[in-house]
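Here the structure comes first, spelled out in structure tokens, and everything after it is commentary.
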Amino acid sequence: MVQSIVFAVVALLALGFAYFQFSKVRANILLGKDEEVKGPVAERAKNTLLVAFGQKKMFKRIVPAVLHLMLYVAFVFTQIELIEIFIDGIFGVHRWFLGPLGGMYNFVISTIEVLSILAFVATVIFLIRRNVLFIPRFHKPEMQGWPKLDANLILVFELILLACIFTMNGTDVVLQDQDPDHYRATNFAVSGLLGPVVFGGMDASTLYVLERVGWWGHILMVFVFLNYLPKSKHLHILLAFPNTYFARLKPKGQMLNMPEVMNEVKSMMGLGDPNAPEPDMTAELPEFGADDVTEMSWIDVLGAYSCTECGRCTAVCPANITGKKLSPRKIVMNVRDRAEEIGDKIRSGNTEFAERADEPLSRTNFQDGRNLWDYITREEIHACTTCNACVEACPVLINPLEMINKMRRHEILTEAAGPADWRPLFNSIENQQRAWSVGTSRTEWVKG
Amino acid sequence: MTVKTMAEFAGEDKAPEILFWVGCAGSFDDRAQKVTRAFAEILNAAGIEFAILGDEEACTGDPARRAGNEFLYQMVALQNIETLNMYGVKKMVTACPHCFNTIKNEYPALGGHYDIVHHTQLLQQLIDDGRIKLTDTTTFKGKRITYHDSCYLGRANGIYEAPREVLRSLDGQLVEMKRSRQNGLCCGAGGAQMWKEDEPGDKRVNVERTDEALSLQADVIAVNCPFCLTMMTDGVAAREKQGEVMVYDLSELIVSGLRTATGE
């Protein structure tokens, strides 16, 4: 009874705090501008099924793909055990699924155990890959400090979680001989063998405590994990699903059109809709492109929150490979960091961040004198060849190029800045409608 | 060679089978002009009645758009669409994957809907249909040819096999770089990089890519894009291999082994 109450209170607190934190993540994602979700639902669902659920793009690199798959499958299957822990915890029962599942129970838990062993092996290998082997994509400048610690913490959490599962199951097996009424007989694939080896010979009171340590340890670790996710790169385990669903279906080569610019140029060229209202010449000039998260689309910000910092984008970026400062992963990480900063500042209610002091802070009433250029240098944005290698590489369909393109648009259209080398190009296109300023006629080649 | 413009066709109240979109590089760059001529020769050899826009053609706007200059892009793009729609153009071919991508994927949003193919796709079709026949099979005998996927034909539009099929019709040996197809490495020119100095770094992108091609002991680097052509040629020169390794566009390789199919 006492345990049930304690469990209910802990669970409520953990879930409540997680809800509060996830609402903040949602609000931060919605700092981005509205963007219509285009294209058929079936095609989006297929992306989610193949890319997120089926991990299709992970298999471009076979070794990490197999290791990741072990962890992923174990994670998904362990949810069954988690449901049981909840039922047991709330109703004060023990291994409740044993009743309704009967003989199937051994099969289900044994499956989880075998997968957990695989997950354990994978986690240890991941720790070695991150900390012992020199894999360049894990050692780029943006991976110093918190991102490196974050990655290791998750792996350590995973090991604790697995140790708890096996302590819980292993002690249970030994206790079955001593208190068969409460600890009903089971036949688990791993702990059935390992339990007696590790825990055999211990007295009942120690075993009882250890069993509870395993049980509580597991569920507490799950609660910690859940509340850690919103602050971590590990959020991808949830957001990979919506991100693959909402990923734009357009061909990779297609840049998003800017209807506001198109319509203005059309009216300039006399191609506009003759019935359209006269443009308001006194209106404030709109901003084009994005120098901040509030000018990106919510789909871009969702992408930033879905990023697990694996660095596949950076590993294939031609600019990064040749030693330029640009790293697509860093751009994506910076968008998330800036979204966090804006979100926190808006929620602080501090009126010094308001553009119009008499109105409440919001994504449209916010000014802190900072923007994405405080995170990202011009040099990074200028180094991009728009080759789409980063877009192709991302296992969860994040599009770093879209973010880069939007920053380029802001620089050129709103700030009238950008690389000086591009001015002759623009002049040539504007005045002679051609990207080459040499030559005289487009039919010269015919003469040979 | 005589090549007619759309205006000339319109003057005779006729329409060509296809419009050859030459592009700025193909029109003005010395090296790319050779590709343009080679491709025009192939079209003639296949008996395809084609036209060009000539001086009515404007830059598609690709480099301006990718640099971030949407105004400039819209200006030239809308101008081109006006011209193309005025002539009622439906079918187009181009030897530039940047022009191809922009016209295919970006002009529709501006009201320009055309059936455009890249020249490597048309080359494959002409070979498959027997409209051009390669009779000189000695030029590439025993030669190692490696194919460099351009970003805008490859990743951007998913066209990987047509150019390879074309190359297989030659007598050479097609050798693949490790980074190919979806994983192909850029030549370094896209996103308007062609017109600016590199940002600070350890190496030029084109040299990185050229090194990969050279590591295969390739005799020929085959490309499908005028920008890649420049970048890879520069890369080969930077490694002082211009005496041993040649960089060619696919149409140049085909035209060198070409004899008009008899009776056409």
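Every read-out reported here was derived from the displayed coordinates using simple, explicitly stated rules and does not represent laboratory data. Being a predicted model, the structure only gives us computed values, none of them experimental. Here the Cβ is made from the backbone with ideal geometry for all residues, glycine too, and neighbour counts use every protein chain on show.
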Once the in-chain neighbours fewer than 8 apart are removed, the lysines whose Cα is under 19 Å from residue A:140 read A:148, A:233, A:324, A:325, A:330, B:203
Could I have the simple spin-label model distance between residue A:108 and residue B:10, label points 7 Å from Cα toward Cβ, reported in nm to one decimal? 7.3 nm
Which whole-Hz ³J(HN,Hα) couplings does segment A:63-78 yield from phi under the Karplus relation 6.51 cos²θ - 1.76 cosθ + 1.60, θ = phi - 60°, glycine and proline marked x? 5, x, 5, 5, 4, 5, 4, 4, 5, 5, 5, 4, 4, 5, 5, 5
Cα gyration tensor shape of segment B:1-151, rounded if a/c is under 1.5, else prolate or oblate by comparing a/b with b/c: oblate
For the pair residue B:240 and residue B:176, how long in nm is the line joining their label points, each one 7 Å along Cα→Cβ? 3.4 nm
Residue exposure sequence - A:236, A:139 - by fewest surrounding Cβ within 10 Å: A:139, A:236
Taking 7 Å along the Cα-to-C-beta vector as the label spot, tell me the residue A:202-residue B:161 distance in nanometres, rounded to one decimal. 6.0 nm
Extreme residue, positive dipole direction of segment A:212-275, given options A:218, A:257, A:269 (C-beta unit charges): A:218
Excluding exposed DSSP-loop GluC sites (Glu not before Pro) (at most 10 other C-beta within 10 Å), longest clean stretch of chain A: A:37-283
Could you pull out every one of the aspartates and glutamates with an alpha carbon less than 15 Å from that of residue B:14, ignoring same-chain neighbours closer than 8 positions? B:49
By the 4.7 Å beta carbon criterion, which cysteine residues of chain A come out unpaired? A:164, A:307, A:310, A:317, A:384, A:394
Exposure-ranked with fewest Cβ neighbours within 10 Å first, A:219, A:90 stand as A:90, A:219
In whole angstrom, the spacing between the Cα centers of segment A:410-448 and segment B:202-264 equals 26 Å
Specify, per residue and in Å³, the volume enclosed by the convex hull of the alpha carbon atoms belonging to segment B:178-239. 100 Å³
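How shielded is A:398-411 by partner chains, expressed as the average number of their Cβ atoms within 10 Å of its Cβ atoms?
Details: counts 0, 0, 0, 2, 0, 0, 3, 6, 1, 1, 8, 5, 1, 3.
Counting other chains' Cβ atoms within 10 Å and averaging over A:398-411 gives 2.
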Segment B:135-260: Cα Rg divided by the 2.2 N^0.38 Å rule of thumb: 1.03
Mind checking A:420-432 for the average number of partner chain beta-carbons within 10 Å of each residue's beta-carbon? 5
Under the classification rounded if a/c is under 1.5, otherwise prolate if a/b is larger than b/c and oblate if not, where does segment B:85-190 fall, given a ≥ b ≥ c as square roots of the Cα gyration tensor eigenvalues? oblate
Three-way shape call for chain B based on the alpha-carbon gyration tensor, with the a/c threshold at 1.5: oblate
Sorted from fewest to most neighbouring beta carbons within 10 Å, what does the list A:156, B:247 look like? A:156, B:247
How large, in Å, is segment A:90-237 by the Kirkwood hydrodynamic radius built from its alpha-carbon pairs? 17.1 Å
Of A:331, A:125, A:342, which has the largest mean-square fluctuation in a 10 Å C-alpha GNM of chain A? A:125
Write out the cysteines belonging to chain B for which the nearest other cysteine Cβ is not under 4.7 Å, or none if no such cysteine exists. B:24, B:59
